Amino acid sequence: MWQRRAFLKAAGVGFAAALLPRRAEALERAELIFASSIQKREGGFGAALVNEAGAVISTVDLPERGHDITFSPTTGQGVVFARQPGTFAVIFDPKGGAKPQTLTSIEGRHFFGHGAFSPDGKLLYATENDFDNARGVIGIYDVAGGYKRIGEFDTFGTGPHEMLLMPDGETFVVANGGIETHPDYGRTELNLDSMDPSIAFVDRRSGKLIGQLRLDGGLHQLSIRHMAFDHKGRVWFGCQFRGPSADRPQLVGYATRDGEIRLIELPDATLGELRNYIGSVAASADGGLIGVSSPEGNTILAIDPDTATVVASLGLENGCGIAPDSVGLVASSGEGALGGLAGSPAPLTTFELNFDNHLRLLKAV
């Protein structure tokens with residue numbers, strides 16, 4: 001984890017010296033450092049580094065609204081992806097060592113907000129939309145070549161959203177949301193009657209499909225969106241329901257590479273609080289807790305993956321981002337709040353920016 005001393009050692013004395021006094025104080029008080037896309041209250045968009053109390057350490061500007069951030073495991077360099085159907089990604093050095101660089105999607109593609117680096121940091125992968133063919137792809141970018149796009153893989157589905165690299169370092173797991181969109185129609189969902197969500201396991205080197213899982217029981221309108229790994233290596237996922245608003249299907253489940261996929265049974269009252277919408281999924285540092293959020297229902301839950309039961313909850317208006325801290329989970333809010341649950345000591349505090357959909361804990365490299 002990015003503890004303050006490790007961050008300062010990597011960044012050098014010049015980084016802290018260049019900060020405004022208030023931000024230098026936030027770094028001095030930090031034990032852990034988090035990153036999130038933000039919406040500035042004075043207008044405009046960006047990404048920010050904050051401490052565990054939500055105080056801003058540094059920011060980088062974005063041309064439009066951002067979504068998720070991924071970090072290189074070798075250099076610590078970050079990439080902020082545009083919210084779909086955005087066509088930009090901004091590459092930045094959280095330690096302030098280089099100017100930000102803007103990456104633009106190629107013609108006929110746009111980003112879906114998520115991506116991941118290869119274990120050696122040489123390649124960046126991003127979920128993208130081949131929108132004229134309603135086909136999801138993983139764009140491949142050469143880091144040393146200035147993030148030049150060098151190819152793509154199929155995601156074997158429509159509307160891919162989050163992608164994760166599995167612990168083996170060789171397999172991608174992709175949440176194909178199953179929803180067709182096209183930039184000519186903005187964020188309008190074009191195929192709600194024929195949605196086909198799935199979880200696909202894709203070989204990182206060859207792009208070949210290793211396996212694909214779908215929910216049964218008439219749940220084709222349950223869009224699979226976000227994921228995290230538990231301590232057993234299972235893929236936990238959260239869904240957004242696009243069927244009748246009066247229905248209340250289960251929204252959280254897990255899948256395994258050997259072919260198991262199931263939804264867990266949350267109580268009716270809990271499902272009512274989630275309002276058919278999971279906005280983010282994250283695991284605690286040891287994988288012993290799974291956090292899920294519903295900004296629609298102002299609810300954050302911590303789930304024990306072994307018993308598939310809710311063990312803690314936090315009411316947080318417009319709360320969506322979730323990340324591990326040293327003990328439990330931290331959640332962020334589109335209203336500018338940050339709070340902890342499941343043993344986290346983070347206080348519920350409001351600061352001068354509005355956090356966007358995802359919160360990421362920086363890790364030392």
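The values are calculated or read from the model by the stated rules, or taken from the named source; none is laboratory data. No experiment lies behind these values; they were computed from the predicted model shown. Note that we place each Cβ from the backbone using ideal geometry, even for glycine, and neighbour counts take in every protein chain shown. To get the accessible areas, we keep the full protein, side chains included, count just its heavy atoms, and leave off ligands, DNA and RNA. Shrake-Rupley method; radii C 1.70, N 1.55, O 1.52, S 1.80 Å.
Assorted remarks:
- Among Ile57, Ile150, Ile264, the residue with the largest mean-square fluctuation in a Gaussian network model of the chain, with springs joining Cα atoms closer than 10 Å, is Ile150.
- Label point of Ile106 set 7 angstrom out along Cα-Cβ; within the stretch 150-185, amide nitrogens under 15 Å from it belong to 150-155.
- Which of Gly46, Gly315, Ile224, positive extreme of dipole for the chain (C-beta unit charges): Gly46
- Choice from Asn191, Asn51, Asn176 with maximal GNM fluctuation in the chain (Cα, 10 Å cutoff): Asn191
- The stretch 338-363-the stretch 47-75 distance, computed between alpha-carbon centres (Å): 13 Å
- GNM flexibility winner over the chain from Leu316, Leu190, Leu329 (Cα, springs under 10 Å): Leu190
- Taking amide hydrogens as placed 1.01 Å from N in the peptide plane, the amide H of Ala312 sits under 5 Å from those of Ala302, each at least 5 positions away in sequence or on another chain.
- In this view, the solvent-accessible surface of Thr75, computed with a 1.4 Å probe and all protein chains in place, comes to about 80 Å².
- Amide H contacts of Val252: Ile264, each under 5 Å away and 5 or more positions distant or on a separate chain (H built 1.01 Å from N in the peptide plane; Pro and chain starts excluded).
- Remark: the stretch 141-250 carries a charge dipole of roughly 260 debye about the Cα centre, counting +1 on each Lys and Arg Cβ and -1 on each Asp and Glu Cβ.
- With 28 Å as the limit on Cα-Cα distance, the pairs of Lys9/Lys148; Lys40/Lys122; Lys40/Lys95; Lys40/Lys148; Lys40/Lys232 that go past it are Lys9/Lys148; Lys40/Lys122; Lys40/Lys148; Lys40/Lys232.
- Percent RCO, i.e. relative contact order, over the stretch 270-351, from Cα pairs under 8 Å lying at least 6 residues apart: 22 percent
- For the stretch 107-115, 3J(HN,Hα) computed residue by residue from phi via the Karplus equation (6.51, -1.76, 1.60; θ = phi - 60°) reads 4, x, 9, 9, 7, 10, x, 9, x Hz, glycine and proline entered as x.
- Of (1) 215; (2) 135; (3) 127, the label for volume of the Cα convex hull per residue in Å³ derived from the coordinates: (3)
- Listed values for the stretch 21-28 are Karplus-derived 3J(HN,Hα) couplings in whole Hz (6.51 cos²θ - 1.76 cosθ + 1.60, θ = phi - 60°), namely x, 5, 6, 4, 5, 4, 5, 4, and x replaces Gly and Pro.
- Each of Leu348, Ile91, Gly177 was placed along the dipole of the chain (beta-carbon charges, centred on the mean Cα), and the one lying farthest toward the positive end is Ile91.
- Placing +1 on the Cβ of every Lys and Arg and -1 on the Cβ of every Asp and Glu, with no other charges, gives the chain a dipole of roughly 1020 debye about its Cα centre.
- Per-residue 3J(HN,Hα) values for the stretch 176-191, derived from phi via the Karplus relation 6.51 cos²θ - 1.76 cosθ + 1.60 with θ = phi - 60°, read 7, x, x, 9, 7, 9, 8, x, 5, 10, x, 9, 4, 8, 9, 9 Hz in sequence order (x marks Gly and Pro).
- Thr155 long-range amide H proximity, modeled H, under 5 Å: Gly136, Val137, Ile138
- A 1.4 Å probe run over the stretch 38-84, with the rest of the protein chains in place, finds 33 Å² accessible per residue.
- Under 18 Å from a label point set 7 Å out along the Cα-to-Cβ vector of Thr256, the amide N atoms of the stretch 173-189 belong to 173.
- Theoretical FRET efficiency, 1/(1+(r/R0)^6), r = Cβ-Cβ of Ser326 and His182, R0 25 Å, to 0.05: 0.05
- Here the stretch 221-365 is assigned +1 on the Cβ of each Lys and Arg and -1 on the Cβ of each Asp and Glu. Its dipole about the Cα centre then comes out at about 380 debye.
- Global geometry of the stretch 98-216, whether rounded, prolate or oblate, following the gyration tensor of its Cα atoms and the 1.5 cut on a/c: oblate
- Accessible-area composition of the stretch 1-125, carbon plus sulfur, in percent [1.4 Å probe]: 51 percent
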